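Here is the structure we will look at.
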Amino acid sequence: MKHALKPSQYAILIAIMLTASVGDTLLSHGMAQVGAVDFQHLHLLWRALSNPFIDAGILLLIGFFASYMTALSWADLTFVMPSTAFGYVVVALLSHFWLHEHLSVSRWAGIVLITCAVGFVANGPSRTEHPAEEILDANLGR
């Protein structure tokens, strides 16, 4: 049985994509300002927490985590992960146009391949149905 997603569930999937993509990009930008961190200079990680880009990235990634947990409460991991894979496109675009990173043809090809594969997952159910759950749902009037 195929379940259609509610608009609020689509909103959660979009929130996962955007908060992860923008949060990771902000962290990258902030860490580029902080500089290289290694085992001899771990104290730089504490200094990094005063960078506004890193702070904003952390807040967005907390939002990502909350959205991710919400999605996993009503969908299988094997549905949520691929369904949010369009975030790779968002990261690539932000990295290219905002961080001015060079993306090779092979990276673009990989991103396109991942994005195309999302179509296969999107056509399947969001939650694996188990016969015992179906009987319980029918008895509870769901």
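The values are calculated or read from the model by the stated rules, or taken from the named source; none is laboratory data. For clarity, every value in this text was computed on a predicted model and none was experimentally measured. Here the Cβ is made from the backbone with ideal geometry for all residues, glycine too, and neighbour counts use every protein chain on show.
Taking segment 71-83, which residues are assigned to a helix (DSSP H, G or I) and either surrounded by fewer than 17 Cβ atoms within 10 Å (Cβ to Cβ) or among the basic types (Lys, Arg) (or both)? Correct list: Leu72, Ser73, Trp74, Leu77, Thr78, Met81.
Please verify whether Asp38 is closer than 27 Å to Val118 by Cβ, acidic (Asp, Glu) and surrounded by fewer than 20 Cβ atoms within 10 Å (Cβ to Cβ), treating the condition exactly as stated.
No.
Annotation note: Cβ proximity below 7 Å between a residue of segment 47-75 that is within 30 Å of Thr128 (Cα to Cα) and a residue that is modelled with pLDDT under 95 and assigned to a helix (DSSP H, G or I) (sequence gap 6+ or interchain) occurs for Ala71/Leu13; Ala71/Val80; Leu72/Val80; Trp74/Gln9.
Those helices (runs of 4 or more DSSP H) of segment 84-142 in which at least 3 residues are surrounded by 14 or more Cβ atoms within 10 Å (Cβ to Cβ) and modelled with pLDDT of 70 or more, considering only elements entirely within it, cover 87-97, 105-122.
Residues in segment 55-96 that are farther than 15 Å from Leu18 by Cβ, under 12 Å from the mean Cα position of the chain (by Cα) and of a type outside the set (A, V, I, L, M): Pro82 alone.
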